[in-house]
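Here the structure is laid out as structure tokens; the discussion comes afterwards.
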């Protein structure tokens, strides 16, 4: 076979799935199972009632079992594996795609390279193709192209990657990724991920988005973890599996997304579905999936879908850099203003996971008092209301006198809640929404401006 390496690779992989599917169709059909597929494009948070259907497809097999099933004594060999082996000989820089020589495949001869190609990437390609297509007897160019693009991405990266993927409800990126740092990016989901989430593999854990909810996962946080050459790449030192809380990268991304998208609308809220860890380019693909505690937030209302504008995209990068630094820096090296900023940011974020608006309001006032007052300061109520209203007026939030009256009413409502008033006569729901919106506006300004906390008036 002649031609450019990628063209040869695509032709060989196509030939490989054709050979395997022909054998399985006529000699040993694979057992079937019900798999869900999305019907048409998903452009929102919730699928329509007919947004998915079930089809019968092949069970997702282990690549080694597939090879033993097809290449048995007395049966024809897979000729496309020979083409892949010759390609690896002709393109030695692709050696990272295959495992190191072993007792079973000791060298760089054709036979050894056939087995190493299957273990390195060809077996996974065939396994996932059979799992995706509805009829293995008919070649599906769309599924083949989707999986080939995954191979192209792996080749372009040219190295082993350990990733954490956190799917998000409520964020729509419209086909464009956003790089927040060399290790962290926001990107749209691709079709293969959505297949995995609609049809979780029991070997990798069942903690996934249930049923139709997976159709709303349109974007992900992707974190690339540093590789440690002394480890086998199957586990990460960054992720602590004893906790199900988001790490500092995911928390910083969620914070900056909510800061640029927040409004007075209660239904607004970007939230993670679960977290998935896997290794790309490994000999044996490793995946693990687990839920995030409190990630879904209140279930009484349906969240909207946020599509960031160009201006909001531009704000996300500096916000992420600032928040991630605050979340990862040692506490003793932080200034008192930075420590107050961290407390305020955490309180503001925690308000989104609470079901009672009274709790939101208390969280917000803990944050505001930390930002605008000092310990043992006299006249706290008056000074805090004045300083908050002045800060909001400076940000274009309205007239200072009207804002001060609103802030004082919010603080009085907070006092009624804290001191156990039997009947709270104020509209605490609307007050909690407005107070959280004001706090988000102040936090966004402080994080995007100079790092130091501004002096108190």
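The values are calculated or read from the model by the stated rules, or taken from the named source; none is laboratory data. From a predicted model like this one, the values you see are computed outputs, not experimental measurements. Cβ: placed from backbone, ideal geometry, glycine included. Neighbour counts: every protein chain shown.
What the table shows:
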quantity	calculated
Qualifying residue in the range 127-141 (condition: within 30 Å of residue 185 (Cβ to Cβ), loosely packed, with under 15 Cβ neighbours inside 10 Å and either at pLDDT 80 or above or touching a helix residue (DSSP H, G or I) at 6+ places or on another chain (Cβ under 8 Å) (or both))	yes
Qualifying positions in the range 131-144 - touching a residue at least 12 places away in the same chain (Cβ under 8 Å) and either under 18 Å from residue 94 (Cβ atoms) or within 26 Å of the chain's Cα centre (by Cα) (or both)	131, 132, 133, 143, 144
Members of the range 158-193 found to be in contact with a helix residue (DSSP H, G or I) (Cβ under 8 Å, 6 or more places away or on another chain), outside any strand (DSSP E or B) and closer than 15 Å to residue 287 by Cα, listed by number	160, 192
Matching residues, the range 402-422, being over 13 Å from residue 358 (Cα atoms) and modelled with pLDDT under 85	422
Among residues of the range 323-336, those that are surrounded by 15 or more Cβ atoms within 10 Å (Cβ to Cβ) and either in the same structural domain as residue 373 (by TED's automatic domain parsing) or more than 16 Å from residue 441 (Cα to Cα) (or both), counted	4
